[in-house]
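Notes for the one structure printed next.
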Amino acid sequence: MGLIDLQAFLDRGGPVLLLIMFATFVMWALILERVFYFRFAHKQVAAEAIAEWRSRSDRKSTFAHWVRDKLVSEVRMKAEQNVSLTKAMVSLAPLLGLLGTVTGMVAVFDIMAITNGADAKAMSAGVSRATIPTMAGMVASLSGILFTSGMDRRVARSVQQVEDAMEIS
């Protein structure tokens, strides 16, 4: 059990399943990068922006508001870094699953054409190549959706906190 079962699963799912697995690893690496950023680095970035704003003697002029907008924008850019790419990877997973469905069905039709539909066992291998990637793509996408929606809320909340801290002072 273990590595042999994984290899058998990958063989049954066809080559598209490897693409889905790679895309899922990339997606989760991006998600984990954002989790670690918010856990370890974001507070420092926000604190530096707030400290720079508070160090200004002039906070009322138009120029000061431009500086404030620049500081908030920098915090937002750092907080949103890789979020769009993560969302793209979440969207890519079901599309790769669909590609697996198409390639699996092409294999079924090839077997049907060669055997005149007489080899049900060979056709079932093609059906496996059609359904396994679809399932894998959907599972990968659903797991990513849960985190990207939470990531959007976290980014918005953290940027709003920086804006609020700069309004008070």
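The values are calculated or read from the model by the stated rules, or taken from the named source; none is laboratory data. Keep in mind that what you see is a predicted model, and the values were worked out from it rather than measured. So basically every Cβ, Gly included, is an ideal-geometry build from the backbone, and we count neighbours across all protein chains shown.
In this entry, Glu33 is excluded by the filter for residues that are surrounded by 15 or more Cβ atoms within 10 Å (Cβ to Cβ) and either among the aromatic types (Phe, Trp, Tyr) or over 22 Å from Met135 (Cβ atoms) (or both).
Per this entry, Ala118 is counted among residues that are more than 24 Å from the chain's Cα centre (by Cα), exposed (fewer than 14 other Cβ atoms within 10 Å of the Cβ) and not in a helix (DSSP H, G or I). Taking the listed residues Met166, Met89, the one that is under 30 Å from Phe38 (Cβ atoms), at pLDDT below 95 and surrounded by 15 or more Cβ atoms within 10 Å (Cβ to Cβ) is Met166, with no other qualifying.
Exactly one residue out of Glu52, Glu48 is touching a Leu at 6+ places or on another chain (Cβ under 7 Å) and free of Cβ contacts under 8 Å to residues at least 24 places away in the same chain, and it is Glu52.
Selection of first residues in the stretch 83-103 that are in contact (Cβ under 8 Å) with a residue 12 or more places away in the chain and among the hydroxyl-bearing types (Ser, Thr, Tyr) and of second residues that are surrounded by 15 or more Cβ atoms within 10 Å (Cβ to Cβ) and not in a helix (DSSP H, G or I), restricted to Cβ pairs under 8 Å at least 6 apart or on distinct chains, gives the following pairs, ordered by first then second residue: Thr103/Gly14.
Results for (1) assigned to a helix (DSSP H, G or I); (2) of a type in the set (Lys, Arg); (3) within 30 Å of Arg54 (Cα to Cα), shown as yes or no for each residue.
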| site | (1), (2), (3) |
| --- | --- |
| Ser128 | yes, no, no |
| Ile132 | yes, no, no |
| Ala136 | yes, no, no |
| Ala140 | yes, no, no |
| Phe147 | yes, no, no |
| Arg154 | yes, yes, yes |
| Ser158 | yes, no, yes |
| Val162 | yes, no, yes |
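Listed by first and then second residue, the pairs linking a residue in the stretch 24-38 that is within 11 Å of Lys87 (Cα to Cα) to a residue that is loosely packed, with under 14 Cβ neighbours inside 10 Å, with Cβ atoms under 7 Å apart and 6 or more places separating them unless they lie on different chains, are Leu30/Leu85.
Answer yes or no: is there a residue in the stretch 18-38 that is closer than 16 Å to Glu163 by Cα, among the aromatic types (Phe, Trp, Tyr) and modelled with pLDDT of 90 or more. Among the residues of the stretch 18-38, not one is closer than 16 Å to Glu163 by Cα, among the aromatic types (Phe, Trp, Tyr) and modelled with pLDDT of 90 or more, which makes the answer no.
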